[in-house]
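First comes the structure, then the notes that go with it.
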Amino acid sequence: MTTAGAGQREWHVTGMDCGSCAAKVRGAVERLPGVSEVDVAPMAERLRLRLDEALTAPESIEKAVRAVGFGIAPKGAPPERPKGAFVLPEGAFAAAAVPPEPAPEPKPEPQAPAKPAPRGWWHSAKGRLVLGTGALLALALSARLVLPAEIAPWAFGLATLVGIAPVARRAVMLARARMPFTIEMLMTIATSGALVIGAPEEAAVVVFLFALGELLEGVSADKARDSIRALASLVPKTARLETGGQIREVAAETLQIGQIVQVRPGDHLPCDGVVIEGISGVDESPVTGESLPSLKEPGAAVFAGSINGEALLRLRVTKAAADNTIARIIRLVTEAESARAPTERFIDRFSRVYMPAVVGVAALVALVPPLAFGQGWSDWVYRALALLLIGCPCALVISVPAAISAALSMGARHGLLLKGGKVIEAAARVTHVAFDKTGTLTQGAPRVTDLVALGGDEAQLLALAAGVESGASHPLAQAICAEAERRGIAAAPASGARALPGKGAEAVIEGTLVCLGSARLAAERGAMSEALATRVAGLEAEGKTVVILLRASAAQGLVALRDEPRADAALGLAQLHALGLSTLMLTGDNARTAQAIAAELGAELGLAHRAQLLPEDKLTAIRALATAGRVMMIGDGINDAPALAAADVGVAMGSGTDVALETADAALLRNRVGDVAGLVRLARATMSNIQQNIAIALGLKAVFLLTTVFGVTGLWVAVLADTGATVLVTMNALRLLLFRPGAQTQRP
């Protein structure tokens, strides 16, 4: 068993096909003393919770999960078959409506479960149950044609009993776990009652249709898990590692940061890294969805799972296997199940009240007409049994998670990583979108355009500036150091370097304090003359960022840099405007530069801007914006993390810092501004799909409830309506797999 923190425990649970299964597992363990923070993820087949072992032993958790019919094993141990499975020898059929046989043991997170050997649905317990009940039903129908009329009902009765036995067993197990109002219990009551009142034919059809619906849910869940396994399979199992001038094959998961690997043309990249030798086109579509290969030269970053094109590449590993891009995607998608949408939580609470209410109404339908009005018992009991089946909330319960799962999968395919249904629902309701400037609306790779030496020459100015910024990670600092390196100017030796958040940096050089920062910093230190201010204003009017070098509080020169807007920034902002969203640019840069960039990107579309903001100022701006609506914040740096956390939806650019990615609710792997609009479109389409699913589930039930009460429809139509609604809801949700977030106009 894995301990992921004080009191936190984790298990691998097999047999979960949908949100209803997860609710049963959650209900089984939540009632135990000392259990809190229960997290059940059907797609990842994971149960995680916080446990006080002084009150409840881990073995009690496992016993509770087995008691409701699911297989469970500590994380890392071989998974077991779910309890309640009665499987006849291979080639026969099963007599158990239980979850499919467990998949092979999963790899430790974040790796997805290893892909099992290809097996059709007919190999699972549910598949064999469908084949078995279908065969028995066919035999019973044949018997009715060739055997005496008094014998045929016994054939239908046998088909019913064989099919309902494991369902009844599961119902009893759930009832013992204090969950009496379940689909299994309703099915057991309805089919048993049908046999008692002499309707074995309809009971047999009901059992077969129920088994078929269960199988469809299992197949759908397996497809979702296959998509995660497909992501894991993008990363090759081995890598060509350079050691001591030799090349040797090693397991890709053992690669360490700083090691050098070779990637041959046509091979998948085994790691996230930086190209140190070679020029080649790299196909990143398996990871980001980008259709065109990207040219990679020395210094370019590459993703694990991408495909090398035409030339040999040497890479330096920058991230361990557990933290590479594919691992992060898998982790985000599987963890996203935990962040359930508010709508899903409401339906979960609603179904807990709805199920007992349906049972109560069915009891009234069975008892009131015969007792109060002298009606026939058989007819009204039959209607009550049909009412029980129609009232099953299966379609309603899966209406939200089915759509959410499809949306998460489609988003991942197009470089949009969302951390669950809660994020999708919030993104669909966004009214304002705020952007950080540097690295978000702009490329984040500024270059030095002007050097203005006020004392000494440009080489000395650049050497001092590079000395102050040596080792800094800010894009402006890296641009200054890169310019010094390009000109062959060595950075001045510095000590005591430190950042001045939102203002600049300082260090001691040759015993003197040297500062490099904004005009505001120069003004605070009394170094801003009128002539210097005029010079700065002229450069800023050209959309350039100007930093001033101070030596002992005396201005020594200016360094002007320009960070070009991203190629798709203007189009991306236009798409957001077309969606009816207001946009705002937040930057720590000066007001003139911010105004120039805003004008270039689309001031005519209403792009507002706020400049000279410290990290806490961005946080204040987001909170103020939130008073007027729901806010989405897009950023990429450490200083954006507070604003990302404060927004209704925080979105990190895929090239951003780890802090930004972990803080944010979503990430844009392709670093495209246009993907922000795609994310909003996907979220809106998902919520529209959910509304359609709820309407289908409730609408069909409302129609058939009325027709059943008035005796128009019977048992087999009732279960067909329930199964049909489940199929329709699932198929409607799967339409999201065809959705293209990048298209500007689509029907949800």
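Among the numbered conditions (1) over 35 Å from the mean Cα position of the chain (by Cα); (2) open to solvent by 40 Å² or more (accessible area, probe 1.4 Å), the only one that N590 does not meet is (2).
When segment 549-567 is examined, which residues are found to be part of a loop (DSSP other than H, G, I, E, B) and either out of contact with any helix residue (DSSP H, G or I) (no Cβ under 7 Å at 6 or more places or on another chain) or under 22 Å from L644 (Cα atoms) (or both)?
To start, the set of residues in segment 549-567 that are part of a loop (DSSP other than H, G, I, E, B) comprises 552-553, 563-564, 566-567.
If the condition is that a residue be part of a loop (DSSP other than H, G, I, E, B) and either out of contact with any helix residue (DSSP H, G or I) (no Cβ under 7 Å at 6 or more places or on another chain) or under 22 Å from L644 (Cα atoms) (or both), then A552, S553, E564, R566, A567 are the ones that fit.
Of the residues contained in segment 582-591, none is found to be touching a strand residue (DSSP E or B) at 6+ places or on another chain (Cβ under 7 Å), more than 22 Å from A445 (Cβ to Cβ) and outside any strand (DSSP E or B).
Among the residues of segment 475-488, those identified as crowded, with 19+ Cβ neighbours inside 10 Å and not hydrophobic (A, V, I, L, M, F, W, C) are P475, E483.
Meeting the requirement of 1 or more residues that are touching a Leu at 6+ places or on another chain (Cβ under 9 Å) and in contact (Cβ under 8 Å) with a residue 60 or more places away in the chain, the strands (runs of 3 or more DSSP E) wholly within segment 433-535 are 447-453.
For I597, the test of being touching a Gly at 6+ places or on another chain (Cβ under 9 Å), of a type in the set (V, I, T) and assigned to a helix (DSSP H, G or I) is passed. Residue count for segment 597-609 satisfying the condition of being over 32 Å from the mean Cα position of the chain (by Cα) and surrounded by fewer than 17 Cβ atoms within 10 Å (Cβ to Cβ): 4. Out of all the residues in segment 694-715, which are open to solvent by less than 30 Å² (accessible area, probe 1.4 Å), of a type in the set (A, V, I, L, M, F, W, C) and more than 31 Å from the chain's Cα centre (by Cα)? The answer is L715, and nothing else.
As for segment 616-625, it holds at least one residue that is buried (at least 23 other Cβ atoms within 10 Å of the Cβ) and not hydrophobic (A, V, I, L, M, F, W, C).
Taking the numbered list (1) at pLDDT below 90; (2) not in a helix (DSSP H, G or I) in turn, L644 passes all entries but (2).
Here are some conditions: (1) modelled with pLDDT of 80 or more; (2) at negative phi; (3) not in a loop (DSSP other than H, G, I, E, B). S20 meets all but one. Which one does it not meet? With (1) modelled with pLDDT of 80 or more; (2) at negative phi; (3) not in a loop (DSSP other than H, G, I, E, B) applied to S20, the lone miss is (1).
Being β-branched (V, I, T), under 24 Å from D636 (Cβ atoms), open to solvent by less than 30 Å² (accessible area, probe 1.4 Å) and not in a helix (DSSP H, G or I) is true of V546. Restricting attention to segment 439-468, the residues that are at pLDDT below 90, under 19 Å from L558 (Cβ atoms) and buried (at least 20 other Cβ atoms within 10 Å of the Cβ) add up to 1.
Within segment 247-261, residues that are small (G, A, S) and modelled with pLDDT of 90 or more have Cβ atoms under 7 Å from residues that are open to solvent by 100 Å² or more (accessible area, probe 1.4 Å) and not in a helix (DSSP H, G or I) in these pairs: A251/K237; A252/K237; G258/R316, counting only partners at least 6 apart in sequence or on another chain. Here the condition is being modelled with pLDDT of 80 or more and closer than 22 Å to G421 by Cα; of R46, R66, it holds for R46 alone. Could you list all residues from segment 251-274 that are among the aliphatic types (A, V, I, L, M) and within 26 Å of the chain's Cα centre (by Cα)? Result: A252, L269. Pairing each residue of segment 282-297 that is of a type in the set (S, T, Y) with any residue that is modelled with pLDDT of 70 or more and in a loop (DSSP other than H, G, I, E, B), provided the two are 6+ apart or on different chains, yields C-beta distances under 7 Å for T288/G415; T288/L669; T288/R670; S294/E284.
Among the residues of segment 510-543, the ones that are open to solvent by 40 Å² or more (accessible area, probe 1.4 Å) and at positive phi come to 3 in all.
Please count how many residues of segment 231-254 are of a type in the set (D, E) and closer than 19 Å to L312 by Cα. First the steps, then the outcome.
Taking segment 231-254 and keeping what is of a type in the set (D, E), we get 242, 249, 253.
When the remaining residues are screened for being closer than 19 Å to L312 by Cα, the result is 242, 249.
Count: 2.
Of all the numbered requirements in (1) part of a helix (DSSP H, G or I); (2) at pLDDT 80 or above; (3) among the polar types (S, T, N, Q); (4) open to solvent by less than 50 Å² (accessible area, probe 1.4 Å), Q691 misses one, and that requirement is (4).
Can you name the residue in segment 489-509 that is open to solvent by 70 Å² or more (accessible area, probe 1.4 Å) and at pLDDT 90 or above and, of all such residues, is farthest from R525 (Cα to Cα)?
Taking segment 489-509 as the starting set, the residues that turn out to be open to solvent by 70 Å² or more (accessible area, probe 1.4 Å) are 490, 493, 498-499, 501.
So of that shortlist, the ones also at pLDDT 90 or above come out as 490, 493.
Working: A490: 27, P493: 23 Å.
Checked segment 489-509; the qualifying residue farthest from R525 (Cα to Cα) is A490.
Residue-wise test of (1) part of a helix (DSSP H, G or I); (2) at pLDDT below 80.
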site	(1), (2)
A695	yes, no
G699	yes, no
A721	yes, yes
L728	yes, no
M731	yes, no
Q744	no, yes
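Among the residues of segment 618-635, the ones that are touching a residue at least 60 places away in the same chain (Cβ under 8 Å) and in contact with a Leu (Cβ under 9 Å, 6 or more places away or on another chain) come to 9 in all. Only one residue in V359, V368 is modelled with pLDDT under 85 and surrounded by fewer than 20 Cβ atoms within 10 Å (Cβ to Cβ), so which one is that? One residue alone meets the criteria, V359.
The values are calculated or read from the model by the stated rules, or taken from the named source; none is laboratory data. What you are looking at is a predicted structure, and each value in this text was computed from that prediction instead of being measured. With ideal geometry, Cβ positions are generated from the backbone for all residues, glycine too; neighbour counts draw on all protein chains shown. Protein only, heavy atoms only, side chains kept; ligands, DNA and RNA dropped before computing areas. Shrake-Rupley method; radii C 1.70, N 1.55, O 1.52, S 1.80 Å.
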